[in-house]
Amino acid sequence: MRGADKVLEALDQHGVEYIFGLPGGSVIPIFDALVGCQRPKFILVRHEQGATHMADGYARATGKPGVVLVTSGPGATNTITGLLTAHMDSVPLIVLTGQTTTSLLGKDAFQEADVFDISMPVVKHSYLVKDANQIPQVMAEAFHIATTGRPGPVLIDLPKDLLAAECTAVLPERVELPGYRWEPRPDPARVADVARLLQRSRRPVIYAGGGCIAAGAQDALKALAEKTQVPVANTLLGKGAFPEQHALSLGMLGMHGTAYANKALAACDLVLCIGARWDDRITGKLSAFCPEARKVHVDIDPAENGKILIPDVFVEADARAFLEELIDQVGPLDTSEWLALIDEWKARYPLHYPRKGGLRMQAIIDRLYRLTAGRAVVVTDVGQHQMWAAQFYRTAHHRQWLSSGGAGTMGFGLPAAIGAQFGRPDDTVVAIVGDGGFQMTMAELATAAVNKLPIKIIVMDNKYLGMVRQWQSMFFDNRLCGVDLEGNPDFVKLAEAYGITAFHLRRTADIDKVLTRALKHSAGPCLVHADVEKDDNVFPMIPAGASINEMLIEPPKHRVPAPAGTR
């Protein structure tokens, strides 16, 4: 068997269904081996960034690692944005890149790039294979590393001559890596410390992040919250870890979170952070963050301990394993007064939007939620539409919400939705994208059309880079620069050029009619071009670098000072 055959054999043994990628000279041996191969199936994309986002969307929607195959040089470097996106959000990917022959390494050969070093900051691990007989071992190690502990992307750089060379090594039955260890089970003493703190608290809040999704901790989290009557707030990536329709749900917290989630965080006496990392979009001004609260941090990655703030207790553990241990050690809490106060905040500061005026993104998302009964797999791009989708499309199940968090990658939405639909062919997948981000990867409409994927694409066209415009409007005296997307195409005609069914949406009165037609369309992709209000701003909002207590619940009547560090 050639090295290329061993690559495909390893992918098959790990249950890989799809490879997303684009061919080139240095990976021709793998493409030759793919001829007549039943599994995995190769999905041809139109750009390598699209391939990484598709594999990412597949992984987030299924919990299985996504796989990418690209050529050397620019083919490999075009994956860097997707690698960063997956790395920041702890998504398991295997990215296979071609490389020039071993005899030419380091000699600036055609399409040679030192992708091993270029990718180092944005992967969990990377390999440069130097011998064909290393391929089986490297492939096994890559899957092990990508999917265990804190998940993440792994890159394997494969010189062309080794892919064509004979490989006599066999795939290992198990992998053990000296120096690579993770601890899924928590230290019982640490769990007991957390139980004591929780039992003594009167105003506790659980802060659930994407680690709860990765660990499959949703049932255990719900059981703990209901047993103790502790309210649960989720991060952007934690949507689905706890049903947002539940009476104990606070919804999303942070910069554009619900007012009541942020008020609860500011007033609590204990924060139990599980599978999240205290990022700046949550904490705001760190010195003013939950000043009276004891802080507990639970994370599979010990490197997160003390990185942002020093917790009172840190527990290194898988989120589900920790929750299952904690449930047995705590009893019901008397949080009735605390929950009553939160209910007052919910009544006083509900999420809302103007019902008059032009077509609004919030209204479209709100109706989409109701028309799909909250059951769709929702994939967003990045910007204002992303925040409104997080607010108004309440998520009940894990792996139902896919969005770029840490990297905030524009262009993520469409290709990630394609990957999600491949992974979950029987589910309704909706891509909610802005006109700016959509145009960064819209060539992948061809991939969706060729594969007849029934994804629904809603393009929110406000003819602005909306979130940047919002900041310039609010904090920089409305001095707009570089945000006007003059020259946007007619997205309906664009979709039709790819053979995709498309509809215009211009009036609020037509939302239900157009969305219903789109949702019923199953013979391939369907696009809705929504001409929405240009100048809407997302609220609530905590200005960057400000404290939770400086949250803006509605548009300010006076000029707001620029966030710290932006002038």
note = Per the C-alpha gyration tensor (a ≥ b ≥ c, the square roots of its eigenvalues), segment 3-164 is rounded if a/c is under 1.5, else prolate if a/b beats b/c, else oblate; here it's rounded
message = On a straight-distance basis, which aspartates and glutamates could pair with LYS160 in a cross-link, Cα separation under 19 angstrom, same-chain partners fewer than 8 positions away excluded?
response = ASP5, GLU9, ASP32, GLU48, ASP108, GLU112, ASP114, ASP117, ASP131
note = A chain fully extended from THR508 to ASN305 at 0.36 nm per residue, minus the present Cα-Cα distance, gains in nm 68.3 nm
Dipole in debye (nearest 20) - the chain, about Cα centre, beta carbon charges: Lys, Arg +1; Asp, Glu -1 = 1620 debye
note = Summing +1 per Lys or Arg and -1 per Asp or Glu among the other residues with Cβ less than 13 Å from THR148's Cβ gives -1
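Considering Cα pairs under 8 angstrom that are at least six residues apart, work out the relative contact order of the chain and quote it in whole percent. Don't skip to the end; give the middle numbers.
Details: 1287 pairs, mean separation 79.0, N = 567.
Averaging sequence separation for qualifying contacts and normalising by length gives 14 percent for the chain.
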query = If the cut-off is 20 Å between C-alpha atoms, which lysines fall inside it for LYS263, apart from same-chain ones fewer than 8 positions away?
reply = LYS239, LYS285, LYS295, LYS346
inquiry  = Full-extension gain between GLU176 and ALA497, please, as 0.36 nm times their residue separation minus the C-alpha to C-alpha distance.
reply    = 110.4 nm
ask   = Tally Lys and Arg at +1 and Asp and Glu at -1 over the other residues with C-beta under 14 Å from the C-beta of GLY50: what net charge comes out?
value = -3
ask   = What is the local net charge at ASP301, summed over the other residues whose Cβ is closer than 10 Å to its Cβ (Lys, Arg +1; Asp, Glu -1)?
value = 0
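Which value at 222 nm does the chain reach when only helices count, each DSSP H run of 4 or more adding -39,500 (n - 2.57), with the total divided by all residues and rounded to the nearest 500 deg cm²/dmol? All intermediate terms of the calculation are to be shown ahead of the outcome.
Values: 23 runs with 203 residues, N = 567.
Value at 222 nm, helices only, nearest 500: -10000 deg cm²/dmol.
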query = Distance from the Cα centre of segment 2-21 to that of segment 407-433, in angstrom?
reply = 23 Å
task = State which entries of LYS41/LYS456; LYS6/LYS124; LYS41/LYS222 exceed 30 angstrom in Cα-Cα distance in the structure shown.
result = LYS41/LYS222
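Every number here is computed from the coordinates shown, using simple stated rules; none is lab data. All figures in this text were calculated on a predicted structure; none of them were measured in a lab. Methodologically, a virtual Cβ is constructed for each residue, glycine included, from the backbone with ideal geometry; neighbour enumeration extends over all protein chains shown.
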